[in-house]
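Shown next, in C-alpha cells, is the structure this report addresses.
The values are calculated or read from the model by the stated rules, or taken from the named source; none is laboratory data. Please read all numbers here as calculations on a predicted model, not as lab measurements. Virtual Cβ from ideal backbone geometry, glycine too; neighbours counted across all protein chains shown.
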Amino acid sequence: MRSLSEKVGAIAPSATIEISNKAKKMERGGIDVISLSIGEPDFATPQHITDACVDALKRGETHYAPSNGIPELLSAVSEKITRENKFPCKPEQVIVTPGAKQAIYEGMEAAINPGDEVILLTPAWVSYEPCVQMAGGRVVKHAISDKTFQLDDSLVKRINAKTKMIVVNSPSNPTGAVFNKDSLKLIADLCTDYDLYAMSDEIYEKLVYGKEHISLASIGDMAERTITVNGFSKAYAMTGWRLGYAVGPPAIIREMSKVQQHSVSQATTFAMWGAVAALKGDQKCVEDMRKEFDRRRQYMISELNLMGYKTAPADGAFYAFVKVDGDDMAIATQWLEKAHVAATPGAAFDAPGWIRLSYAASMDRLKEAMGRIRRLGSGK
Ligand code: PMP
Ligand code: GLU
C-alpha cells in the first residue's frame, strides 16, 4: 500500500478526547470512573433553547441553509458582539460553524501559508497546534509565567519575519487564568507593531469568577486583525449541538467561508434556531450555571490546597490546574487506574508537571473524586 499523508501522520490525536474515550471504555466494563478529563458542562441544555430547535424541526427547517449561517443567527451574533464584546461587528463579519473547533481550523486555513509561524501561549489547549499544522504553519511556543499567569515583554523574542499570528485563549483552558488588560494590551501592541493577526478564543468568556473578561478585538485596531472565536458549548451547555462561530474582518471571513463551503457546508440548520434562542433569550440560565460552577470551583480548589497541591489561579473556565510532584502522565494514569478518576495530564497542553481536572461534574461526584485522590495520596 502507498503511504498515507505525512501531514496528518505528524499530528497527535486529541488527548482530551482519547482519555475521555478510555474512561468511557472502563465505565462500559463496569468500573465506576469519575470523568474529570473532558471539559463538558454536566447541565442539560436550557429548555427554551431545545424548544426552539424542536419547533424549527417541526416546521421543516431541515434543508440546507446559507453556508455562513441563517441570517437571524448572524444578526444575533453581530448584535451580541457589538453590545457585549464592545467592538463593531456587522452580520457579514460572522461565520457560524459546526463547533468552535471548526472555526479555529477554518481561521488557520484562511490565514496561514506554509512556513508561516504561529505563536501559542503555553499551557495551550490541545487542538490549536494540530490546526496550525493542518494549515501548513509552524508552531512557536511561548511559555507563560507559572507564577503570574500573565504576559510580559519576553513575548517579543518569539517574533520574527515569519511570524503571522498569535493565538490567545482567555479565560484559558487548561489553566483557568484570565488575561488582564495589560497582557491583552501587550498582545495588541505587538500585533500592531509587527503587523500580525490574532486568533482570540473566547469560548469561556461567560465563565469568569470575580474577574473581568475583555475581548482582544476591543483594544486599539485589533478588530481589523483578530479572528474572535466563540461558541455555544460552554456557556449554554450545548456541546453535542456542534455550534460555534467566528467574527473577523470581512476579508478573512470570506476565505473561511470557502473552506466551510467545500468541507462541512454549514452548521446544522435546525440547531442554528436553538442558537438564536440562546442569544436572544433570557440569560439567567447562563448566570445560574456560572454560579454553580463557582461553588464547585471553590470546593475543589480548597480541597486540593488542603491536600497540599498547588493550583493555578482558576479565575475562569471550569478547570482546576494542579501542580504535581512527579511525572504527570504517570500520576494521571495512577489516578485513572487506581482511583478511577479520569484527569488530563499537563503534557497534553505543553505543561508537564501539571494535571487538569474539570469541575464540570456534580458536587457529589467531585466530593467522591477528591476523596479517592486523597486516599491514593500520590503526586504531592
Ligand atoms: N476552544 C477551547 C479553549 C475549548 O476548550 C473548546 C472545547 N472543546 C473549544 C474551543 C471547542 O469547542 P466546541 O467545538 O465544542 O464549540
Ligand atoms: N474543550 C474540552 C476539553 O478541553 C472538550 C474536548 C475537546 O474538544 O478537546 O476537554
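Would you confirm, using the coordinates I've provided, whether VAL77 is touching a Cys at 6+ places or on another chain (Cβ under 9 Å) and on the phi < 0 side of the Ramachandran plot?
Values: touching a Cys at 6+ places or on another chain (Cβ under 9 Å): yes; on the phi < 0 side of the Ramachandran plot: yes.
Criteria met by VAL77.
Only residues that are of a type in the set (A, V, I, L, M), surrounded by fewer than 24 Cβ atoms within 10 Å (Cβ to Cβ), in contact (Cβ under 8 Å) with a residue 60 or more places away in the chain and within 16 Å of ligand 2 (Cβ to nearest atom): list them for region 216-242, please.
Correct list: ALA237 only.
Has region 282-296 got at least one residue that is free of Cβ contacts under 8 Å to residues at least 60 places away in the same chain and within 16 Å of ligand 1 (Cβ to nearest atom)?
No, the conditions are met nowhere in region 282-296.
With THR344, THR311, THR333 as the choices, which residue is surrounded by 15 or more Cβ atoms within 10 Å (Cβ to Cβ), within 21 Å of the chain's Cα centre (by Cα), away from ligand 1 (no atom under 16 Å from the Cβ) and polar (S, T, N, Q)? Show your work before the answer.
Numbers: THR344 fails: away from ligand 1 (no atom under 16 Å from the Cβ); THR333 fails: within 21 Å of the chain's Cα centre (by Cα).
Matching residue, one of THR344, THR311, THR333: THR311.
In the set GLU287, GLU303, GLU292, which member is touching a helix residue (DSSP H, G or I) at 6+ places or on another chain (Cβ under 6 Å), part of a helix (DSSP H, G or I) and more than 24 Å from ILE227 (Cα to Cα)? Working first, answer last.
On the way: GLU287 fails: touching a helix residue (DSSP H, G or I) at 6+ places or on another chain (Cβ under 6 Å); GLU292 fails: touching a helix residue (DSSP H, G or I) at 6+ places or on another chain (Cβ under 6 Å).
Result of the check over GLU287, GLU303, GLU292: GLU303.
For region 39-58: of the residues being within 16 Å of ligand 2 (Cβ to nearest atom) and of a type in the set (Asp, Glu), which is nearest to SER362 (Cα to Cα)?
Taking the candidates together, the pick is ASP42.
Any residue in region 243-271 that's of a type in the set (A, V, I, L, M, F, W, C): show its pairings with residues that are surrounded by fewer than 17 Cβ atoms within 10 Å (Cβ to Cβ) at Cβ separation under 6 Å, as long as the two are six or more apart or on different chains.
Between residues of region 243-271 that are of a type in the set (A, V, I, L, M, F, W, C) and residues that are surrounded by fewer than 17 Cβ atoms within 10 Å (Cβ to Cβ), the close pairs are PHE270/LEU57.
Restricting the first residue to region 317-328 and requiring it to be without any contact (Cβ under 8 Å) to a residue 60 or more places away in the chain and aliphatic (A, V, I, L, M), which pairs with a second residue that is part of a loop (DSSP other than H, G, I, E, B) and surrounded by fewer than 18 Cβ atoms within 10 Å (Cβ to Cβ) meet a Cβ separation below 7 Å and a spacing of at least six or different chains?
Every condition considered, the pairs that remain are VAL324/GLY353.
Considering region 252-284 alone, what residues qualify as being in contact with a helix residue (DSSP H, G or I) (Cβ under 9 Å, 6 or more places away or on another chain) and either over 18 Å from ILE70 (Cα atoms) or small (Gly, Ala, Ser) (or both)?
From region 252-284, those in contact with a helix residue (DSSP H, G or I) (Cβ under 9 Å, 6 or more places away or on another chain) are 252-260, 263-264, 266-282; that's our starting set.
Listed by number, the residues that qualify are ILE252, GLU255, SER257, SER263, ALA267, ALA271, GLY274, ALA275, ALA277, ALA278, GLY281, ASP282.
Among the residues of region 15-56 satisfying the criterion of being touching a Lys or Arg at 6+ places or on another chain (Cβ under 9 Å), within 15 Å of ligand 1 (Cβ to nearest atom) and assigned to a loop (DSSP other than H, G, I, E, B), which is modelled with the lowest pLDDT?
This residue is GLY39.
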